[in-house]
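FYI, it's all coordinate maths here, none of it is from the lab. Not measured: the values here are computed from a predicted model. Cβ coordinates were reconstructed from backbone atoms using ideal geometry, including for glycine residues, and neighbour counts include every protein chain displayed.
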Amino acid sequence: MKKSSFVALMLGSFSVVLFALGMCMVLIPKWNTFNLGIIFGCIGLIVGLITLIVWRKMEHKEPIHISGKTVMTVIIGVVGALALGVGMCFSMVWGQMIIGVVIGLVGIVVLLCLIPLTKGIKG
């Protein structure tokens with residue numbers, strides 16, 4: 001394993017754990033740690049962004065250029081993830097299985113559309 005991959009693995013795992021812990025702290029009212037959970041979640045997101053920057057520097061890649069395609073890719077990814085999450089909420093929390101599965105499948109299809117959008121289709 002390359003050093004850059006190992007560093008990205010360690011920093012990425014740390015950021016995901018911080019973010020997940022923060023979300024649990026926010027969403028479980030029994031813990032009474034809403035404000036602290038927001039802080040943990042934000043720190044997790046910041047460490048995740050730092051991980052991306054460090055990994056790109058270690059791989060000698062140029063910084064990400066923000067273009068229209070990059071912005072649209074991010075928007076499509078967010079919409080797909082939100083649709084998948086809303087579908088899961090409909091199914092698991094609100095007990096409306098059919099509409100939840102339909103919305104979740106729409107989210108999955110939107111996320112799958114990211115592959116040809118980012119990689120392109122080669123014949």
- What is the chain's relative contact order, in percent, from Cα pairs under 8 angstrom and six or more apart in sequence? 19
- Selection from VAL47, ILE108, MET88 lying farthest towards where the dipole of the chain points positive, charges on Cβ: VAL47
- Please work out the C-alpha center-to-center distance from segment 81-123 to segment 51-77 and express it in whole Å. 23
- Which helices count as membrane-span-like in the chain under these terms: full DSSP H, at least 30 Å along the axis by C-alpha, Kyte-Doolittle mean of 0.0 or more? 3-27, 34-58, 68-92
- Message: Given all pairs of different Cα atoms, what value in angstroms does the Kirkwood hydrodynamic radius of the chain take?
- Response: 17.0
- Note on the structure: Sparse-neighbourhood loop hits (trypsin sites (Lys or Arg not before Pro), segment 44-123; DSSP loop; Cβ within 10 Å at most 16 others) -> LYS61, LYS122
- Starting from the Cα of LYS2, draw a straight line to each of the lysines and keep only those under 26 Å, dropping any in the same chain fewer than 8 residues away. LYS57, LYS61, LYS119
- Message: When the expected Rg is taken as 2.2 N^0.38 Å, what fraction or multiple of it is the alpha-carbon Rg of segment 1-64?
- Response: 1.33
